[in-house]
1. Give me the pairs: first residue in region 98-126 and touching a residue at least 12 places away in the same chain (Cβ under 8 Å) and at positive phi, second residue assigned to a loop (DSSP other than H, G, I, E, B) and surrounded by 13 or more Cβ atoms within 10 Å (Cβ to Cβ), beta-carbon distance under 9 Å, and six or more apart or on different chains, which are they?
2. For residue 10, state whether it is open to solvent by less than 60 Å² (accessible area, probe 1.4 Å), assigned to a loop (DSSP other than H, G, I, E, B) and in contact with a strand residue (DSSP E or B) (Cβ under 7 Å, 6 or more places away or on another chain).
3. Which ones in region 138-175 are among the small types (Gly, Ala, Ser) and within 19 Å of residue 44 (Cα to Cα)?
4. Condition test on residue 25, is it assigned to a loop (DSSP other than H, G, I, E, B) and either open to solvent by 20 Å² or more (accessible area, probe 1.4 Å) or modelled with pLDDT of 95 or more (or both)?
5. Checking the condition modelled with pLDDT under 95 and more than 17 Å from residue 143 (Cα to Cα), which residue from 84, 102 passes?
Amino acid sequence: MPRFSKLPWIPDEQQWRKFLDVARREPVRNRVMLALAYDAALRREELCSLRTDDLDPAHRTVRVRAETTKNRLERVVPYSAPTGVLLTEYLVHRATISRARGPLFLSESRRNHGQPLSLWTWSKVVRRLALAAGVERFSTHTTRHLCLTDLARMGWELHAIASFAGHRHTETTLQYIHLSGRDLAEKLKSGMDHIHSWRVQMLADPGIPQAAARGASR
């Protein structure tokens, strides 16, 4: 029996903006978690398991410990300057809850105040935001899919994206990258234009000799 696999869903620009419009009114903890989840392409477990000593603010990197990953591969990934600003704001806020080093993201509920934020609680936060934004398909894994696709859109090589994502095999990475026909057309235009032009030019104009077609593309 043939096996069929569907591409993972990612939001389009309008859906992403609608989600962010709702999310930007959230407490700083939730905002920085979303920002880090996207910037570093973090899985839900990796995000919620971050500790204060995993951060390197001077170099704007975060260490994803092997024991928190799906395939037990440790990696160090960067985050953006805007996320760094949010993170600084959150660390100041976190100090009002607990000054102890340890889990980075803490619960602020009455029942679990100061305890590590659970996977279940984070999933509930993202689900609430998705429903409020009218983007019901948005999940805790969507930011990871979107980040890896954006890296491909920017022209990153597949092996580099796999390393960033913490994948052992590039085949796994390919399942996450969701390039549209327009994206592929842009990549072809920017990266392969000269090579492809002479290879197909004779098909468009059979009267052009092969040597002339090659010369026209140089």
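The values are calculated or read from the model by the stated rules, or taken from the named source; none is laboratory data. Bear in mind the structure is a predicted one, so any value in this text is a computation, not a measurement. Neighbour counts are summed over all protein chains in view; Cβ atoms, including those assigned to glycine, are modelled from backbone coordinates with ideal geometry. Surface accessibility is based on the protein's heavy atoms, side chains included, excluding ligands, DNA and RNA. Shrake-Rupley method; radii C 1.70, N 1.55, O 1.52, S 1.80 Å.
1. Short answer, once both residue conditions are applied: 114/97; 114/98; 114/107; 114/108.
2. no
3. Hits for region 138-175 are 139, 162, 163, 165, 166.
4. Judged against the criteria, residue 25 is a match.
5. Just one listed residue meets the conditions, 84.
For (1) in contact with a Leu (Cβ under 9 Å, 6 or more places away or on another chain); (2) farther than 22 Å from residue 50 by Cα; (3) of a type in the set (D, E, K, R), each residue gets a yes or a no:
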position: 99; (1), (2), (3): no, no, yes
position: 105; (1), (2), (3): yes, no, no
position: 118; (1), (2), (3): no, no, no
position: 143; (1), (2), (3): yes, no, no
position: 165; (1), (2), (3): yes, no, no
